[in-house]
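What follows is calculated from the coordinates using simple rules that are stated; it is not laboratory data. Everything numeric in this text was worked out from a predicted model, so none of it was measured. Note that each Cβ is placed from the backbone with ideal geometry, even for glycine, and that neighbours are counted across all protein chains shown.
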Amino acid sequence: MTPRATSTARTGRRGKAIAFRDAAELIEQFMNDGTDLRDAYVTMCVHAGIAAADVICMDELGEYCAGQRHSDATRLLEKVDTTLARQLDVLLSMKTKAGYSGTPVSNEQINALNEQWNRS
């Protein structure tokens, strides 16, 4: 489902993207103190990425993906920027492990994620 962007939706999603990004940055500050916050960090990054993708699509296409299938959001974002779409896909590939599995995201996965995002 791709509803038309409204100013209310745009403002709301932008606010959430910023809030999730800020939360991820706060969590990142405490990841090296012996507390295992890797999954929380990745989960906030995923939510920030999804919300940011919505805002980008609203700004560029006038619509965004509001369905449950994240692959639809990636395909819509590809219409705007294929690099950003690939980055979102990487984030989404980590969502289940970070949020729902008993196995935590590894430091190596987080480092690879951060390297990819820092390149753009």
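Observations on the model:
- In sequence order, calculated HN-Hα J values of the stretch 14-31 (Karplus, 6.51, -1.76, 1.60; Hz; x Gly/Pro): 4, x, 5, 4, 5, 4, 5, 4, 4, 5, 4, 5, 5, 4, 4, 4, 9, 6
- Our note on the geometry: Cα centres of the stretch 81-101 and the stretch 1-77, 11 Å apart.
- Cross-link partners of Lys95 among aspartates and glutamates (Cα-Cα below 19 Å; sequence separation of 8 or more within a chain): Asp22, Glu25, Glu28, Asp36, Asp39, Asp54, Asp72, Glu108, Glu115
- Distance between modelled label sites at Thr103 and Thr6, nm, 7 Å Cα→Cβ extension: 4.3 nm
- D_trans [Stokes-Einstein, Kirkwood Rh over alpha-carbon pairs] for the stretch 7-119, 4 °C, 1.567 mPa s, µm² s⁻¹: 90 µm²/s
- Once the Cα-Cα distance is subtracted from the 0.36 nm per residue extended length, the Thr96 to Asp36 segment shows a gain of 19.9 nm.
- Ellipticity estimate at 222 nm from DSSP helix runs (n ≥ 4, -39,500 (n - 2.57)) divided over the chain, nearest 500: -24500 deg cm²/dmol
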